[in-house]
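Here's the structure we're looking at; comments come further down.
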Amino acid sequence: MTESAYETAPGREVRTLLRVLDGQRRHVLGTLDGLDEEALRRPVLPSGWHCLGMVQHLALDVERFWFRAVVAGDETTIHALTSGDEAWKVDPETRAAAVLDSYRQEAELADAVITATAADAALAWWPHDLFGEPHLHTLRDVLLHVITETACHAGHLDAARELIDGRRWLVLT
């Protein structure tokens, strides 16, 4: 990324988008609050995914991928990317707290990229092998994409949580 793509402080638009993204991140973690290891690993939908796998997917395939790889072009991160659905598979020996902490850490690392990058900065890297020609072009585009994906997955987690123990994130009366 060129030096001109960086700002000393994020602009109002980036700060606003980051607040919205952070709200979705809090929703993801809040939905799972209080679930034990067994419940976090229990698949409740026919597709077979479980809450912990969803959080690991958000950490690796969303936060790490879009911000550290695509926006920042970090070579180490790009070379460490996996293909397929590996992120959804949590090793049985990995504690739930470690996966949740990894999500929080990836969000912090993403925030560092976000706050150091102008909203209209061009992306440093694009995964042509996955997506063909770019359909996202700036940090703004990636932020909007990640907000949408995180919100969608927060909704998936809401449904899973309700199936696990009946708890609902938002109840409208």
Inset, instruction - Provide the net charge surrounding V28, with neighbours chosen by a C-beta distance below 14 Å and charges set as Lys +1, Arg +1, Asp -1, Glu -1. - result: -4
Inset, instruction - Quickly estimate the mean residue ellipticity at 222 nm for the chain, helices only: each DSSP H run with n ≥ 4 gives -39500 (n - 2.57), and the total goes over all residues, rounded to 500. - result: -16500 deg cm²/dmol
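Please sort by residue number the GluC sites (Glu not before Pro) in the stretch 91-173 whose DSSP state is loop and whose Cβ has at most 14 other Cβ atoms within 10 Å.
Working: sites: E93, E106, E108, E149, E162; in loops: E93.
Qualifying residues, ordered by number: E93.
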Inset, instruction - Just name one of W169, T138, L45: the one whose Cα is farthest towards the positive end of the charge dipole of the chain (beta-carbon charges, Lys/Arg +1, Asp/Glu -1). - result: W169
Legend entry - the stretch 65-122: proportion of alpha-carbon pairs further apart than 16 angstrom, %: 54
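Per residue, how big is the convex hull around the C-alpha atoms of the chain? Give it to me in cubic angstrom, could you? Don't jump to the answer; show the numbers that get you there.
Numbers: hull volume 22.5 nm³, N = 173.
So the per-residue hull volume is 130 Å³.
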Legend entry - Average accessible area per residue (Å²) across the chain - probe 1.4 Å, nucleic acids and ligands excluded: 53
Inset, instruction - Would you mind calculating the relative contact order of the chain from Cα pairs under 8 angstrom and at least 6 residues apart, reporting the percent as a whole number? - result: 37
Legend entry - Heavy-atom accessible surface of the chain: percent carbon and sulfur, 1.4 Å: 53
Inset, instruction - Calculate, for E149 and D101, the FRET efficiency according to 1/(1 + (r/R0)^6) with r their C-beta to C-beta distance and R0 22 Å; round to the nearest 0.05. - result: 0.60
Inset, instruction - Stick to Cα atoms and the Kirkwood definition of Rh, then tell me Rg/Rh for the stretch 76-173. - result: 1.01
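The values are calculated or read from the model by the stated rules, or taken from the named source; none is laboratory data. Fair warning: this is a prediction, and the values are worked out from it, not measured in the lab. Every residue, glycine among them, receives a Cβ derived from its backbone with ideal geometry; neighbour counts consider all protein chains shown. The protein model used for the area step is the full one, side chains on, heavy atoms only, and it has no ligands, DNA or RNA in it. Shrake-Rupley method; radii C 1.70, N 1.55, O 1.52, S 1.80 Å.
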